């Protein structure tokens, strides 16, 4: 097995481990019936992070496998609009958590708020990078498809005119 194939396999294994761990952790804590909301929320957060990690491992494996990141121009416009909105939301979340960190003096809460802030910063950075690099680098626009089909084709997009088109001579096309 090549190094690339080994890496793909390892990434998929890590994704599965993270998924299984998140599910196991969530089930076990719920099964204890502790009734402690603070502990429940903390453990739930770790379980959710495991699911997030699994998704990131899968994305890495897909990239190594050569799966395309190409999308159409319409999909790109919709995605970019959404990404821009979410980038702004992440910026606002960063501002809000920074404000809370300054106001709260309890070290336990400050530790959790700093962890949230770190996550928000990473989310913000990842969304900006997706918007700037990954999508644009691999973007396949509808225009590109049409160019590949017609401009770049052997006939350079020139086919005999159809029955309802006039050739350059101005005379109706006679297919006979």
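The values are calculated or read from the model by the stated rules, or taken from the named source; none is laboratory data. Keep in mind that what you see is a predicted model, and the values were worked out from it rather than measured. Here the Cβ is made from the backbone with ideal geometry for all residues, glycine too, and neighbour counts use every protein chain on show.
Tabulated data
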item: From the options 90, 138, 142, residue that is modelled with pLDDT of 90 or more and surrounded by 11 or more Cβ atoms within 10 Å (Cβ to Cβ); result: 90
item: Residues satisfying the stated conditions in the stretch 18-32, i.e. within 26 Å of residue 64 (Cα to Cα) and touching a residue at least 12 places away in the same chain (Cβ under 8 Å); result: 18, 19, 21, 22
item: Conditions (1) over 24 Å from residue 125 (Cβ atoms); (2) in contact (Cβ under 8 Å) with a residue 24 or more places away in the chain; (3) outside the structural domain of residue 120 (by TED's automatic domain parsing); number of the one not met by residue 73; result: (3)
item: Enumeration of residues in the stretch 49-82 that are closer than 23 Å to residue 15 by Cβ, modelled with pLDDT of 85 or more and loosely packed, with under 12 Cβ neighbours inside 10 Å; result: 66, 67
